[in-house]
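Have a look at the structure below before the remarks.
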Amino acid sequence: MVAPLSAVTRERLRRFMRILRMAAVIGAGVGAVYGGAIAGPGARSLLASLLVSVPIGVIHALLMASSVAAIEFFLLTRASMRWLDALPFAALLVLKTLVYGAIAGAVLAGQPGERLLGVVTVYSARTWLIAVCLSLVPIAVVVMMFQAAGLVGYRTFMALLLGKYRRPFAERRFFLFVDVVGSTAIAERLGALEAHRFLAAVFSAVAEPVELCRGEIYQYVGDEIVVTWVEADGVADARALRCLFAMRAALAADANRFVQRFAVQPELRAALHLGEVIAGEVGQVRRAIVFHGDVMNTTGRLEQATREVGCFFIASAEALASLAPPPDIRTRDLGALALRGRVEPIHAFCVEQAVASQGLATAADEFKMGP
């Protein structure tokens, strides 16, 4: 029986297909420009040229893009390739550009599109070298885009690229503040360096369930992860509510590795809230998408309240009213909580799984099948 694809793999496949679609459009455009430039006079000559150059451009672009995207999404993400993370950005840029340039050169030299259409051309070494050198420029740009997307997150990068938040606007969002339990004591025992590695391992382990729930990791703040959804995305299948349980299940599935490496099994506590924020880009030297609004402060205060009320997951009444908790999740009314820094108390609930052990075991099995 073939194991189902993990959430991260499915997301990578979606991105892979999006890149192929973009590459096909770009290849068609480049082919059209080239075909128009070499066409003889007359509409018939132009049409004949385009019927050859456009398919060739699409074929070449798809081959180059699929090779580069496959390396980025499926090869370099393997644990065996993590040594590349230690390289300086400039060295990594040069290395990737040369490798991807070689791929482009191989495609151009092999002329797969020309061979398929029966119009193979014999190029001189000088012409071929010029074509490869020219291809290195867009390839270097693509590499830098991949690196930037890895730093800020794919969705955030696309939002920045498309200018979605260039002008600030109000939108309703879920915010899930997730804290690693006992991180201060763990840091004292492990030391600063090992504590960093511990948190990095935790953040890496919960990346899969966050993707599974279609959440956006807004930021890491010390030992805390802030995950967010626009309201419609968080409501679908109660993703915003299920996300924490999925994160805990992923850590439970990886518990043995954490115990062997750090002598501790990580635990999480969290708070969920929904409200209106102002979303927009800020910064001059470094651009970033930020969210401003009381919902951020309130969620942080709710997360702190988990220590006081003895509940590892608190959700505001407003968040639950929008979500409508599914049958496998139960809530316990905590009443109106007085939060530090807030004049008005906020109505909140303790959130638990109806059959916690069984639910976590099932989810843990699913995450074991991930990459």
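Looking at (1) over 28 Å from the mean Cα position of the chain (by Cα); (2) at pLDDT 75 or above; (3) more than 22 Å from residue 16 (Cα to Cα), find the lone condition where residue 94 falls short.
(1)
Every residue in segment 210-255 that is assigned to a strand (DSSP E or B) and not acidic (Asp, Glu), please. Step through it out loud before you land on a result.
Of all residues in segment 210-255, those assigned to a strand (DSSP E or B) come to 216-221, 224-230.
217, 218, 219, 220, 221, 225, 226, 227, 228, 229, 230, listed by residue number.
Just need a number here: residues in segment 160-206 that are under 21 Å from residue 239 (Cβ atoms) and modelled with pLDDT under 85.
Number satisfying all stated conditions: 1.
Residues to consider are 237, 179; find the one that is surrounded by 21 or more Cβ atoms within 10 Å (Cβ to Cβ) and among the charged types (D, E, K, R).
Values: 237 fails: surrounded by 21 or more Cβ atoms within 10 Å (Cβ to Cβ).
Answer to the selection: 179.
Would you confirm whether or not segment 208-221 contains a residue that is surrounded by 20 or more Cβ atoms within 10 Å (Cβ to Cβ) and farther than 16 Å from residue 246 by Cα?
yes
Among the residues of segment 17-40, is any under 30 Å from residue 239 (Cα atoms) and among the charged types (D, E, K, R)?
Pass one, segment 17-40, residues under 30 Å from residue 239 (Cα atoms): 17-22.
From what is left, the residues that are among the charged types (D, E, K, R) are 18, 21.
Within segment 17-40 (the criterion being under 30 Å from residue 239 (Cα atoms) and among the charged types (D, E, K, R)), the answer is yes, since at least one residue qualifies.
What single numbered condition from (1) in a strand (DSSP E or B); (2) crowded, with 17+ Cβ neighbours inside 10 Å fails to hold for residue 302?
That leaves (1) as the condition not met.
Listed here are the residues, each with its yes/no results for (1) part of a helix (DSSP H, G or I); (2) at pLDDT 85 or above; (3) among the polar types (S, T, N, Q); (4) closer than 30 Å to residue 204 by Cα.
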position: 4; (1), (2), (3), (4): no, no, no, yes
position: 13; (1), (2), (3), (4): yes, yes, no, yes
position: 19; (1), (2), (3), (4): yes, no, no, yes
position: 22; (1), (2), (3), (4): yes, no, no, yes
position: 28; (1), (2), (3), (4): yes, yes, no, no
position: 32; (1), (2), (3), (4): yes, yes, no, no
position: 36; (1), (2), (3), (4): yes, no, no, no
position: 41; (1), (2), (3), (4): no, no, no, no
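Rundown of residues vs (1) in the same structural domain as residue 215 (by TED's automatic domain parsing); (2) at pLDDT below 90; (3) loosely packed, with under 14 Cβ neighbours inside 10 Å; (4) among the hydrophobic types (A, V, I, L, M, F, W, C), yes/no style:
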site: 248; (1), (2), (3), (4): yes, no, no, no
site: 257; (1), (2), (3), (4): yes, no, yes, no
site: 275; (1), (2), (3), (4): yes, no, no, no
site: 298; (1), (2), (3), (4): yes, no, no, no
site: 314; (1), (2), (3), (4): yes, no, no, yes
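The values are calculated or read from the model by the stated rules, or taken from the named source; none is laboratory data. Keep in mind that what you see is a predicted model, and the values were worked out from it rather than measured. For neighbour counting, all protein chains shown are included, and Cβ atoms are generated from backbone atoms with ideal geometry for every residue, glycine included.
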